[in-house]
Amino acid sequence: MWSFKCGGKVREVKVWNDLIAVGCEDGWFYLFDGNGLIWGKKLTATYYRGPFNDVNVLSIDLKDLLAVGTDFADGKVYVFDLDGNLIFERAFVSIMGCWERPKDVVRVSIDECVAVGAEWLKSEVEVLNRKGDVLKSYEVKGGIRDLKVDGDVIVGTTEHLYVGRRRFNKPAFKIFTRPLVFSSDDGVYTLKNGLKAIRKCSNPKIDVSKDLVAVSSERTALISLEGEMLWEVEEKPENVFIRDEDVYLGFENKIKVFREGKKVREIEVEGLPVYVGDFAVTVKGDKLFYYQL
């Protein structure tokens, strides 16, 4: 286990293979691996600067590149290579008459292109190539809650799910692709053979494996992509994760592991689990903790 004290409160964590990207308040963001810090950088507000804090990192994504989105004090997306070299940056600004204001860059996603979700007054999705050139830009209705690039650009808002040019009249809060599964305010849905509810519950937390979905609302369940209930337990964690057929429930300072509906392990940790796989990442304020499982 190792820990690291960041330059601001941790807001976003993304994991890709054995790499961990972390975005924080006050402009700090970092790249780690299983041995600890690889590099870290601080962004500085380019538009507004408050008396007590600098720009905040609102969004981050990680693959073979690292993308960082900032709040209205800066209103930009930055894309770096994994050595920390800046490839490009782009500003997002709303103009009202003779007045302008940077947008909040609330979601970023990297694949063959870079998709950016920005908000203020209206919600906008902009798709860039890996050099920063704009491929397309369009408005979406509602606040942006999730954004994925996987062939199509997939956007979840408080009003709709957008898959490329198709729009579905269902809010989408957390999106998984291959298969396409998403959480909404009233349950879990797939687009397999059309829009279909596979579990009805209130504001669920979900995680998805190849053909299974872990769902946590008032209780926690493991279901199939067809909605078949495999098991259910009376647990209500802060976060839920699935690896193979094991379900990991994340509580403050604790991870409970369930297999076939029975608790098989309980792991004490520091802070709240935000990722569980071959290793676990937990967060407590400005501190990041890494546990090898």
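The values are calculated or read from the model by the stated rules, or taken from the named source; none is laboratory data. These numbers come from a predicted model, not from an experiment. Reconstructed Cβ throughout: ideal geometry from the backbone, glycine too, with neighbour counts over all protein chains shown. Areas reflect the complete protein model, heavy atoms only, side chains present, ligands, DNA and RNA absent. Shrake-Rupley method; radii C 1.70, N 1.55, O 1.52, S 1.80 Å.
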Quick one: how many Å² of D150 are accessible to a 1.4 Å probe, rounded to 10?
-> 40
Segment L191-R101, extension gain: residue separation times 0.36 nm, minus the distance between their alpha carbons = 28.7 nm
Whole number in Å², please: accessible area per residue of the stretch 155-293, 1.4 Å probe, ligands, DNA and RNA not counted.
-> 49
Sparsely packed trypsin sites (Lys or Arg not before Pro) within the stretch 143-183, loop by DSSP, other Cβ within 10 Å at most 14 = R165
Pseudo-spin-label distance V93 to Q292, built 7 Å along Cα→Cβ, given in nm, is 5.0
DSSP loop GluC sites (Glu not before Pro) in the stretch 120-222 with at most 14 other Cβ atoms within 10 Å of their Cβ, which ones?
-> E218
For the stretch 226-267, what % of the accessible area comes from carbon and sulfur atoms, probe 1.4 Å?
-> 38
If the chain between D81 and Y48 were fully extended at 0.36 nm per residue, the gain over the current Cα-Cα distance would be 9.2 nm
Given 260-268, 282-290, the highest-first ranking by average Cβ count within 10 Å works out to 282-290, 260-268
Post the alpha-carbon centroid distance, the stretch 81-124 to the stretch 215-293, in whole angstrom.
-> 32
Accessible area (Å², per residue) of the stretch 1-135, counting only protein heavy atoms and a probe of 1.4 Å | 45
Dipole of the stretch 59-198 (Lys/Arg Cβ +1, Asp/Glu Cβ -1, origin at the Cα centre): which of V79, C98, N193 lies farthest to the positive side?
-> N193
How big is the charge dipole of the chain about its Cα centre, in debye rounded to the nearest 20, if each Lys and Arg gets +1 on its Cβ and each Asp and Glu gets -1 on its Cβ?
-> 520
Whole-number percent relative contact order across the chain, with pairs defined as alpha carbons under 8 Å at least 6 apart | 10
Note down the nm distance, to one decimal, between modelled labels 7 Å out along Cα→Cβ at E260 and at L121.
-> 6.0
Solvent-accessible area, 1.4 Å probe, carbon plus sulfur percent, for the stretch 88-138 | 52
